[in-house]
Amino acid sequence: MKRKKVLHIVEAFGGGIFSVLLDLTNKMVDEFDISIAYAVRAETPRDFKNYFDKRIKFIKIENFTRNISPQQDIKALKEIKKAVKEEEPDIVHLHSSKAGVLGRLAISGRKVKMFYNPHGFSFLKQDNSKLKRMIYWLIEKATAIYNKKCTIVGCSNGEYLEAKKLNKNSICINNGIDIEKLKKETEKVEKIAHNSSVNDYTVEENKRHIDLKEIDCNNLKICTVGRIEYQKNPKVFNEIASSMPTIQFTWIGDGELKDTLVSSNIKVTGWKTRKEVLEILSKQDIFILTSLWEGLPISLLEAMYMKKICIVSNCIGNRDVIENGVNGFIAETSKDYIKIIENIQKNKANIQIKNNAHNDIMTKYNNNVMTQKYKKVYVNK
């Protein structure tokens, strides 16, 4: 039986989207012929091809840009058409707003199955004016009408509900992480982080040692992961840290709003390798996300797997995963974050909350569940 060909088209080839695409394609390459048409961003790993299965083909779209640029967008549209013509895919899967718009325009009328993952709709970005957000919504709506056959895939329930307003031809497939790979990675870094050699502990003994470690409430370590930009709300992160000067805060990442993080108890690591990120994260007690908007953040899912106490903002993506007081906490303001952290200090760690978060990853938000759902819609829808 002839293998179906899948062409992924992605402009925002970095961060969480990179992780999702990496896990999805590596899991499916045994059953599908896969190509990725991509653009390079600042956060795209330099050696990104080494992360992927060698059977995956890469096509660079030279004129993909993050912002609207009529001249370059027209050129990118032509490049996409050329890639589709040469690859002759059975399925086209678009990732991020720019790829979603240009891809649907370029491929309309062709007899291919099409899927579009916004990974966070651009019209929800609060750093844009109301007028600009309305323009983005109108572009999304017009493109959805122009290419009704393209299925919009919400990566969280909140995003799915927004997608249905644009096109009834929408489904929800939650983002998921590769738990087998993450298990191997975390077992290695936990041994380093806790000064435990293979001779000191077996893998299972070392894992129990980590799980039962009580949080030192007098020496809490709190972190977040991501680009330091408006979306991630570094201003609120700084407010929380400055109000709790005895606690060490770490921002794993870098970005244009780095100067916002002025509190003396905040350490900004800059961009780190995957191994370094996990090493730093393994030493933390609490993971927080102060985001203004999200799709479904991979960093949150990984922190939940690693049994960190998670405190997140009340936005799409975050509130779709975290159930307040059950598998983490939801905060509205900086004062809410501070109060929750103070309660953790007084009552020590709620082990059950951490376990509930970990169990949710094992049963709902993992790569195996996500991949099986995509395989099903690729073949049947």
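Three principal axis extents describe the C-alpha atoms of segment 1-113; from largest down they are 41, 34, 18 Å.
Contour minus end-to-end for residue 276 and residue 139, with contour as 0.36 nm per residue of separation and end-to-end as the Cα-Cα distance?
Full extension of this stretch gives 45.4 nm more.
Computed from point charges on the beta carbon alone (+1 for Lys and Arg, -1 for Asp and Glu), the dipole magnitude for the chain about its Cα centre is near 1600 Debye. Going from the residue with the fewest nearby Cβ atoms within 10 Å to the one with the most, 148, 81, 308 rank 148, 81, 308. Between the Cα long axis of helix 351-363 and the first principal axis of the chain there is an angle of about 20°, rounded to the nearest 10. With contacts taken as Cα pairs under 8 Å at a separation of at least 6 residues, segment 179-363 carries a relative contact order of 21 percent. Note on residue 60 and residue 88: with the Förster distance fixed at 25 Å, the Cβ-Cβ geometry gives a FRET efficiency of about 0.85.
Once you reduce segment 60-104 and segment 225-262 to the center of their Cα atoms, the two points are 34 Å from each other. Distance between the pseudo-spin-label points of residue 51 and residue 68 (7 Å out from Cα toward the beta carbon): 3.0 nm.
Largest mean-square fluctuation among 103, 16, 176, in a Gaussian network model of the chain whose springs join Cα atoms under 10 Å apart, belongs to 16. The distance between label points at residue 44 and residue 217 comes to 4.9 nm (points 7 Å beyond Cα on the Cα→Cβ vector).
Note on residue 362 and residue 2: the model spin-label points, each 7 Å out from Cα along the C-beta direction, lie 4.4 nm apart. Considering only 330, 305, 273, the residue lying farthest towards the positive end of the dipole of segment 179-363 is 273, judged by Cα position with unit charges set on Cβ.
Hull volume per residue, based on the alpha-carbon atoms of segment 179-363 and their convex hull, is 110 Å³. Listed by Cβ neighbour count within 10 Å, with the fewest neighbours leading, 277, 268 appear as 268, 277. Rounded to the nearest 10 degrees, the inclination of helix 234-243 to the longest alpha-carbon principal axis of the chain is 0 degrees.
Once you sort the root eigenvalues of the Cα gyration tensor of the chain as a ≥ b ≥ c, which label holds: rounded (a/c under 1.5), prolate (a/b larger than b/c) or oblate (the other case)?
prolate
Only the coordinates and a few stated rules stand behind these numbers; no lab work does. The structure presented is a predicted model; accordingly, all values stated were derived computationally and were not measured. No Cβ is skipped: glycine too gets one built from the backbone with ideal geometry, and neighbour counts run over all protein chains shown.
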